[in-house]
Amino acid sequence: MKIFKTLAGAVALTGLMAGSALAADMTVGFSQIGSESGWRAAETTLTKEQAEKRGIDLKFADAQQKQENQIKAIRSFIAQGVDAILLAPVVATGWDQVLEEAKDAEIPVVLLDRQVDSSDDLYLTAVGSDLEHEGEVAGQWLVDNVGDKDCNVVELQGTTGSSPAIKRKAGFEKAISGHDNIEIVRSQTGDFTRTKGKEVMESFLKAENGGKDICALYAHNDDMAVGAIQAIKEAGLKPGSDILVVSIDAVPDIFLAMAAGEANATVELTPNMAGPAFDALEAYKNDGTMPPKFIQTESKLFTQSDDPKAVYEEKKNQGY
Ligand code: AHR
């Protein structure tokens with residue numbers, strides 16, 4: 001049984017054949033978190049581009065990092081009678097009520113990049129990466145690169161209560177568990193921003209003998225790592241060698257840092273969440289095709305040996 005209205009009836013009535021022909025008739029509301037990182041900016045750009053390419057009327061709402069703004073935006077999309085809603089949820093909890101409201105209005109919701117702790121019958125599908133696996137890949141890189149050496153790690157967490165902060169932390173801890181020589185000695189949120197990443201790294205450096213007692217930085221995203229790299233340099237140390245730097249996202253700037261030997265590894269998160277989301281919505285709207293509950297994107301590890309300059313050149317015009 002379908003839980004949301006579809007346009008299958010409209011197909012029969014109008015005689016439209018191609019799935020994409022219906023996309024032009026779709027109005028989609030997009031509740032975006034904000035613009036905290038280069039990755040987020042790219043996701044916004046690509047979502048707008050994908051909508052335009054498919055003839056989708058996209059209504060965009062920037063929540064400026066506030067869940068209450070996202071809830072307001074969703075209610076406004078419901079009141080406008082949009083055909084579907086894309087939601088990048090800032091935190092994992094507190095969505096049940098508004099998702100129920102969308103379901104009652106028969107408006108399918110697709111989650112982008114972050115996850116919620118609500119029942120999965122409250123949304124159509126979620127497009128994103130395996131967030132815990134990303135943390136594990138980052139942790140495994142460190143395990144493989146420090147060997148038996150004692151290694152004190154400082155961790156810059158993402159936004160408190162967000163699914164990537166929770167899961168990337170868990171994944172990294174899983175990878176280093178059983179390696180008693182590697183220990184997370186300080187861990188604090190840097191809110192996924194460069195400014196906060198730099199600020200918190202400065203406090204880590206002060207607390208850890210000017211940084212001399214730190215072996216590695218694990219940042220839940222590249223922007224925080226880039227801010228922290230600046231702090232490490234200002235403290236008179238060499239990021240990438242005195243302090244190893246591993247992070248997540250694969251934004252262009254981290255490849256510049258890798259090319260300069262100042263960052264060591266990053267795990268790629270594609271900013272094109274909208275492509276698979278619109279594909280799923282179009283199929284669902286056209287003939288009721290139910291997508292899987294989770295559409296997983298790839299997580300690829302990049303290191304200094306992956307020609308970072310060339311990757312930077314490739315990525316620099318991709319909306320970051
Ligand atoms: O939810 C994905 C995360 O959100 C990205 O890794 C980070 O950069 C961001 O803003």
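Over 24 Å between Cα atoms, which of Lys233/Lys309; Lys66/Lys206; Lys169/Lys315; Lys174/Lys198 qualify?
Values: Lys233/Lys309 21 Å; Lys66/Lys206 31 Å; Lys169/Lys315 27 Å; Lys174/Lys198 26 Å.
Listed pairs above 24 Å: Lys66/Lys206; Lys169/Lys315; Lys174/Lys198.
Rounded to the nearest 10 Å², what accessible area does Leu112 show when all protein chains are kept and the probe is 1.4 Å?
0 Å²
For Asp62 and Thr303 in one chain, what is 0.36 nm times their gap in residues minus the Cα-Cα distance, to one decimal in nm? Mind dumping the intermediate values first?
Details: separation 241, 0.36 × 241 = 86.76 nm, distance 3.30 nm.
Gain on stretching Asp62 to Thr303: 83.5 nm.
Which percent of Cα pairs goes in each bin when the distances of region 14-169 are cut into 5 angstrom slices starting at zero?
That works out to 2, 8, 16, 19, 17, 13, 9, 6, 4, 3, 2, 1, 0, 0, in percent per bin.
Normalising by the residue count of the chain, find the relative contact order in percent from Cα pairs under 8 Å and 6+ residues apart.
On the way: 682 pairs, mean separation 62.0, N = 320.
Normalised by residue count, the contact order of the chain is 19 percent.
Of the accessible area of the chain, with the probe set at 1.4 angstrom, what percent is carbon plus sulfur?
Numbers: 6210 of 13140 Å².
Answer for the chain is 47 percent, counting heavy atoms of protein chains only.
May I ask you to order 56-64, 125-133 by the average number of other C-beta atoms within 10 Å around their residues, highest value first?
On the way: 56-64: 17.2, 125-133: 21.3.
By packing density, highest mean first, the sequence is 125-133, 56-64.
Quick check on the chain: helices-only [θ] at 222 nm, where DSSP H runs of length 4 and up contribute -39,500 (n - 2.57) each and the sum goes over total residues. Nearest 500, please. All intermediate terms of the calculation are to be shown ahead of the outcome.
On the way: 12 runs with 139 residues, N = 320.
That comes out to -13500 deg cm²/dmol.
Can you run phi through the Karplus equation (6.51, -1.76, 1.60; θ = phi - 60°) for region 98-113 and list ³J(HN,Hα) in whole Hz, with x for Gly and Pro?
For region 98-113, the Karplus-derived couplings read 6, 5, 4, 4, 5, 5, 4, 7, 6, 9, x, 10, 10, 7, 10, 6 Hz, x marking Gly and Pro.
How much accessible surface area, in Å² rounded to 10, belongs to the heavy atoms of Lys316 with a 1.4 Å probe?
For Lys316, the solvent-accessible surface is approximately 80 Å².
Express the C-alpha Rg of region 220-320 as a ratio against the empirical globular expectation 2.2 N^0.38 Å, rounded to two decimals.
Numbers: Rg = 17.4 Å, N = 101, 2.2 N^0.38 = 12.7 Å.
Here the answer is 1.37, to two decimals.
Quick one: which residues, 5 or more positions from Phe294 or on another chain, have an amide H under 5 Å from its amide H? H modelled 1.01 Å from N in the peptide plane, none for Pro or chain starts.
Ala126
How large are Rg and Dmax for region 142-210 when only the alpha carbon atoms are used, in Å?
Computed over the Cα atoms of region 142-210, radius of gyration and Dmax are 12.8, 34 Å.
What number does the chain give for Rg over Rh if you use C-alpha atoms and the Kirkwood radius?
Numbers: Rg = 21.0 Å, Rh = 20.4 Å.
Using Cα coordinates only, the ratio equals 1.03.
Send over a whole-number figure in Å² for the accessible area per residue of region 156-308, probe 1.4 Å. Kindly include the intermediate steps, with their values, before the conclusion.
Values: 5810 Å² over 153 residues.
Averaged over the residues of region 156-308, the accessible area is 38 Å².
Output ³J(HN,Hα) for region 306-320: one whole-Hz value per residue in order, computed from phi by the Karplus curve 6.51 cos²θ - 1.76 cosθ + 1.60 with θ = phi - 60°, and x for Gly and Pro.
Along region 306-320, the couplings run 9, 6, x, 4, 5, 5, 4, 4, 5, 8, 4, 10, 9, x, 6 Hz.
The values are calculated or read from the model by the stated rules, or taken from the named source; none is laboratory data. As the structure is a prediction and not an experimental result, all values here were calculated from the model. Reconstructed Cβ throughout: ideal geometry from the backbone, glycine too, with neighbour counts over all protein chains shown. Heads up: the accessible areas ignore ligands, DNA and RNA and are worked out on the full protein's heavy atoms, side chains in. Shrake-Rupley method; radii C 1.70, N 1.55, O 1.52, S 1.80 Å.
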